[in-house]
Each structure stands twice: as C-alpha cells, then as structure tokens.
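Some notes on the structure that comes next.
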Amino acid sequence: MINIYAGVIAMVGIFLIMGIGFFVISQSTADEDAAKVTRSVYRVRKYWFFALTLILLVILGFTMPRAPNLDQFKETPQAVVAVNGKMWQWTLTSVSGATTADGMLVLGLNRTVEFRVTSSDVNHGFGIYNAAGTLLTQVQAMPGYTNRLLYTFHTPGLYSILCLEYCGVGHQVMVSQFKVE
Ligand SMILES: [Cu+2]
C-alpha cells in the first residue's frame, strides 16, 4: 500500500511542478517594472530566510537529540577494531579488547565494540550481518578518513561483513567473518 501512496504523491508532485512551470511561462510575456519587482521579491526573500531558519531550528531542536548516530557515541567501547577495506577484501585488526582464533577475529559477548573503518582505495560499505543474514549496522569505508561505528553484540555466533557499496568487479566477493563468544 505504501508503494501506491508514494506513487500517487509522486504523480501529484510532478503535475504540480508542471502546473507551476506552465503558469510561470504563461506570465513571463507580461511587462513589469523591473525595479518594483526586484524590491518586492527581495522583501519576500528576506522574510522567507528568517522563517525558514526558524523552522529548521525548531525541527533540528526536536530531531537532533533523538538521532541514533549521536546516541551511540555516549557508550564507551570495551574493544577497538581497526577495519580496512581494499579491493576486494576486509582486514580486521584488534587494537584492544579483541582476540584472534584460527585467523578469525573474536569479539566478546555484550561488550561494546568500536570499529574504526577506513579504506585504502575506493569507497566501500562496511555492513555487519548476523547468522540469519539480517543487516545489523553499517558505515561507509572511505579513503583518507576513519569512520567510528559502535555496536554491542548480544548474541554469540558467526557474523559476516559484506560490502554495501559497489566497488568494482570483485564487489560481491568482498566478504569477511568474525565470531562473537
Ligand atoms: Cu563493494
């Protein structure tokens, strides 16, 4: 149902924009005193600027404290893992609080992990999936920049990392795994 509503809203929007376009074109041939029009438009623009600033401040005031991405940084990580994306593999290195068994990274259960995610070539998407294949959290892996991603694993088991941003012909094999126990 949501798709139908979205389609109707999109169609109404398109017709509205077309209607405004036709209205502007039909009015554009009429002569007007340029100085007078400029004055009135500048006045409207000034009020609009203040009104929009006010509206945006109110919206930000309500939404910013609820932003999940800000909330996660209130937690203190108990383990830190350095993540590097490179065509076409992930490198996971424990900075602190994590161990390695059989060449696989092992994270502690119910412990907040900070992933420091970067890339050494192009943009990649660092996505963590549980054993059922559900995407739990994700962040972009960007060259020359390190993104912090905090997450706490409450279920033991095998987790997969899949690349979420198309990065070339080997994109689909850019998979890695780690364990939580
Ligand atoms: Cu990719």
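Read-outs: derived from the displayed coordinates by stated rules, not from any lab. Here the structure is a predicted model, which means the values were calculated and not measured. All Cβ positions, glycine included, derive from the backbone under ideal geometry; neighbour counts span all protein chains shown.
Summary of values
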{"item": "In order through segment 149-166: 3J(HN,Hα) via Karplus (6.51 cos²θ - 1.76 cosθ + 1.60), integer Hz, x for Gly, Pro", "result": "10, 9, 8, 10, 8, 9, 10, x, x, 9, 10, 10, 10, 10, 6, 9, 10, 4"}
{"item": "Highest-MSF residue in the chain out of Q27, Q89, Q138 [GNM, Cα springs under 10 Å]", "result": "Q27"}
{"item": "Extension reserve of the F15-S120 stretch, reckoned as 0.36 nm per residue once the Cα distance is removed", "result": "33.2 nm"}
{"item": "Most mobile of A79, A35, A51 in a GNM of the chain (Cα contacts under 10 Å)", "result": "A35"}
{"item": "Relative contact order of the chain, defined on C-alpha pairs under 8 angstrom at six or more residues apart (%)", "result": "18"}
{"item": "Angle between the chain longest axis and helix 2-27 axis [Cα atoms, degrees, rounded to 10]", "result": "30"}
{"item": "Angle between the chain longest axis and helix 34-63 axis [Cα atoms, degrees, rounded to 10]", "result": "30"}
{"item": "Helical mean residue ellipticity (222 nm; -39500 (n - 2.57) per DSSP H run of 4+; nearest 500) of the chain", "result": "-11500 deg cm²/dmol"}
{"item": "Choice from V12, V81, V139 with maximal GNM fluctuation in the chain (Cα, 10 Å cutoff)", "result": "V12"}
{"item": "Global geometry of segment 69-122, whether rounded, prolate or oblate, following the gyration tensor of its Cα atoms and the 1.5 cut on a/c", "result": "oblate"}
{"item": "Pairwise FRET efficiency - H154 versus A101, Cβ, R0 = 25 Å, nearest 0.05", "result": "0.75"}
{"item": "For the chain, the longest site-free run once chymotrypsin sites (Phe, Trp or Tyr not before Pro) in DSSP loop states with at most 15 other Cβ atoms within 10 Å are removed", "result": "1-144"}
{"item": "Gyration tensor (Cα) of the chain, equivalent ellipsoid semi-axes in angstrom", "result": "49, 21, 17"}
{"item": "Overall form of segment 11-69 per C-alpha gyration tensor (a/c, 1.5; a/b vs b/c)", "result": "oblate"}
